[in-house]
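The values are calculated or read from the model by the stated rules, or taken from the named source; none is laboratory data. As the structure is a computational prediction, the values presented were derived from the model and not from experiment. For neighbour counting, all protein chains shown are included, and Cβ atoms are generated from backbone atoms with ideal geometry for every residue, glycine included.
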Amino acid sequence: MTPNKHALAPASIPRRSVLTASADFGTQVLAVADAEVRKLRHDPWELLSRAVQPILWLVLFGGVMTRVRGLAPGGTPYLEFLAPGILAQSVLFVAIFYGISAIWERDLGVLHRYLVSPAPRVALVIGKALSSSIRGLSQAVVIYLCAEAMGVRLSFEPTSLLMAVLLIILGSGLFSTFSLIIACIVKTRERFMGIGQVLTMPIFFASNAIYPIDLMPGWLQRISSLNPLTYEVDGLRAVMLQSGQSAFGLLHDVAALLAASAIVIVIAARMYPRMTE
């Protein structure tokens, strides 16, 4: 019996090590995310001010364009077609400027504390992406309430809401991490703001957020097929609306966002320490 116990012992050690490492990694990610979320508690007006723009898009742009017949596919009311696109747009606009916080952290010396901590760089990047998702979810609450008040037939089934949360988290994390990469390259607030403003509109208009892909010229359709925002919007249309459908398939939308997120996380984890140089 004794030899058997010794023979089993080595096999159990790696399993405990993997579990411990996974738990430590998760704790480090949540610690970074919690530090970011605390900033919002001290400045809740930021969330309220950012909610103004998507409401104006829904009320003004949606109210005008809903009079144009045939713009939305399948006879769908244009306001219903627009609401998921505006939610994705709101998440994009919040996340794309998230990298400027990394520049502030470098200037204030906070970044040095992160980098000397034992947390892996990947954990720092994922933690920041997760905290950005909190901002995106807060935007979602505002847009859901506004769209419901305007008569959009939303789906409030638990499965649909959970999938919407997942898509928002993936989209917000993806674009905030992309923003972090930009911050690592430019390293100054002025350059970052200029590049951020240049990128947001092409990403937004080269997607299916406010018009169907079928209306685009061929060259723009090809660009749209490579745009992660296209898949976030497509997924949100499938889960937000009672009559929602996905043009690509919901699993395809999630897989595309996951693949893009994995790529930018790997790049950001390699570039993040260079912010201090």
On the basis of being of a type in the set (A, V, I, L, M) and in contact with a Lys or Arg (Cβ under 9 Å, 6 or more places away or on another chain), does ALA129 make the cut? no
So for the range 101-113 (the condition being under 23 Å from ALA262 (Cβ atoms) and modelled with pLDDT under 85), does at least one residue qualify? yes
Every residue from the range 42-62 that is of a type in the set (Gly, Ala, Ser), assigned to a helix (DSSP H, G or I) and modelled with pLDDT under 80: SER49
Those residues that are part of a helix (DSSP H, G or I), touching a residue at least 12 places away in the same chain (Cβ under 8 Å) and closer than 11 Å to ILE100 by Cα, I need them from the range 185-194; list them, please. ARG189, PHE192, MET193
Being of a type in the set (Asp, Glu), within 17 Å of ALA83 (Cβ to Cβ) and surrounded by fewer than 17 Cβ atoms within 10 Å (Cβ to Cβ) is true for just one of GLU190, GLU232, GLU157. Which residue is that? GLU157
Over the range 207-226, the set of residues surrounded by fewer than 21 Cβ atoms within 10 Å (Cβ to Cβ), in contact (Cβ under 8 Å) with a residue 24 or more places away in the chain and within 22 Å of the chain's Cα centre (by Cα) is ILE210, TYR211, PRO212, ILE213
Wholly within the range 212-277, helices (runs of 4 or more DSSP H) carrying at least 2 residues that are at pLDDT 95 or above and under 30 Å from PRO158 (Cβ atoms): 228-240, 250-271
With PRO84, PRO73 as the choices, which residue is over 29 Å from LEU124 (Cα atoms) and in contact with a Pro (Cβ under 6 Å, 6 or more places away or on another chain)? PRO73
Scan the range 251-269 and tell me whether some residue there is among the hydroxyl-bearing types (Ser, Thr, Tyr) and surrounded by fewer than 21 Cβ atoms within 10 Å (Cβ to Cβ). no
Take the range 109-149 and flag every residue that is more than 12 Å from the chain's Cα centre (by Cα), surrounded by fewer than 16 Cβ atoms within 10 Å (Cβ to Cβ) and not acidic (Asp, Glu). GLY109, VAL110, HIS112, ARG113, LEU115, VAL116, SER117, PRO118, PRO120, VAL141, LEU145, ALA149
Name the pairs whose Cβ atoms lie under 6 Å apart, with the first residue in the range 58-87 and of a type in the set (S, T, N, Q), the second surrounded by 15 or more Cβ atoms within 10 Å (Cβ to Cβ), and 6 or more positions between them or separate chains? THR66/TYR78; THR66/LEU79
Could you figure out which of (1) of a type in the set (A, V, I, L, M); (2) over 30 Å from PHE81 (Cβ atoms); (3) free of Cβ contacts under 8 Å to residues at least 24 places away in the same chain isn't true of ILE126? (3)
